[in-house]
Amino acid sequence: MRTIILSPHLDDGAYSCGGWIWEQVRQGQEVIVCTLFAGSPVGIAIPPFAGLLQQTWGFQGDATTGRRAEDVAACEFLGCKWHHLEFLDCIYRYLPNQCQPLIHNLNDLSSPIKNDEYPLVEHITNRVRNLYPDDRNFLTPLGAGGHVDHRITRCVAERLGANLSYYLDLPYGSMTVDEFSTLLPAGARTEKYELSTQGMRAWQQAILLYPSQFHSFWGSVEDMETQITDFARSSLGCCFWKA
């Protein structure tokens, strides 16, 4: 029986679950990281905020193509499969039937799902359901940090009617236990998993395979390695939460 990890963006699956993926694959289990917002913004004007972000990523040409290549490299390293869906990252989206970008600044990234985007939620839900008609085991982000695409991913997962477990979004997962508890669905139970030294190292190495995103979250390799190690050893580390 395989597990589908629903990843909002082209790094979230490896960032949040990289060690678990590595361990599962070595145990002969099949894992697929399905990234929802992996489409290239073809034929649209790039919104100003997206343009500013792209300048920091260091790609020539289509930045999403470059990010997909990073994700393929990380998934191949971890040993899992991947699917890249065609939906646009929120930084590229416009409000339906309007000329206004959805995202104007950094603060807009962490916002509730707008009513105008619920048809998109339904479209993505149908796409995932049709892509995995016989699959029952899904992992979805809790939505730590409040990023709108993470909220949408969770909303999609909860509409699938599948066996659903939640993972804590990294690197947004630094929070108190009280803050964390507000993210859990009612009645959720904790499922702890084991992570070997090799699995920890593989997780850290997979994160390094996303160089375009690295410095948005960490000042150095040492900072990242310390954060991942400390998180894995914390009360919230190496856990999923079963709905």
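Every read-out reported here was derived from the displayed coordinates using simple, explicitly stated rules and does not represent laboratory data. In this text, all values refer to a predicted model and were calculated from it rather than measured experimentally. Neighbour counts are summed over all protein chains in view; Cβ atoms, including those assigned to glycine, are modelled from backbone coordinates with ideal geometry.
Only one of these is among the hydrophobic types (A, V, I, L, M, F, W, C) and either in a helix (DSSP H, G or I) or closer than 21 Å to Pro171 by Cα (or both): Val42, Val33. Name it.
Val33
Given region 140-243, what helices (runs of 4 or more DSSP H) lie entirely inside it while holding 3 or more residues that are small (Gly, Ala, Ser) and crowded, with 19+ Cβ neighbours inside 10 Å?
On the way: elements: 148-158, 177-181, 197-207, 211-217, 221-233.
Of the helices (runs of 4 or more DSSP H) lying wholly inside region 140-243, those with at least 3 residues that are small (Gly, Ala, Ser) and crowded, with 19+ Cβ neighbours inside 10 Å span 197-207.
Quick one: in region 20-42, of everything that is touching a Lys or Arg at 6+ places or on another chain (Cβ under 9 Å) and among the small types (Gly, Ala, Ser), which residue is surrounded by the fewest Cβ atoms within 10 Å (Cβ to Cβ)?
In this case the residue turns out to be Ser40.
Given the options Ala50, Ala45, name the one that is at negative phi, crowded, with 17+ Cβ neighbours inside 10 Å and hydrophobic (A, V, I, L, M, F, W, C).
Checking each option against the conditions leaves just Ala50.
When both residues are 6+ apart or on different chains and their Cβ atoms are under 7 Å apart, which pairs have a first residue that lies in region 165-187 and is touching a residue at least 12 places away in the same chain (Cβ under 8 Å) and among the β-branched types (Val, Ile, Thr), and a second that is part of a strand (DSSP E or B) and surrounded by 10 or more Cβ atoms within 10 Å (Cβ to Cβ)?
Between residues of region 165-187 that are touching a residue at least 12 places away in the same chain (Cβ under 8 Å) and among the β-branched types (Val, Ile, Thr) and residues that are part of a strand (DSSP E or B) and surrounded by 10 or more Cβ atoms within 10 Å (Cβ to Cβ), there is no close pair.
So that you can scan it fast, the table gives a plain yes or no per residue for (1) closer than 27 Å to Asp62 by Cα; (2) under 18 Å from the mean Cα position of the chain (by Cα); (3) not charged (D, E, K, R):
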position	(1), (2), (3)
Leu184	no, yes, yes
Arg189	no, no, no
Ala206	yes, yes, yes
Leu209	yes, yes, yes
Ser212	yes, yes, yes
Gln227	no, yes, yes
Asp230	no, no, no
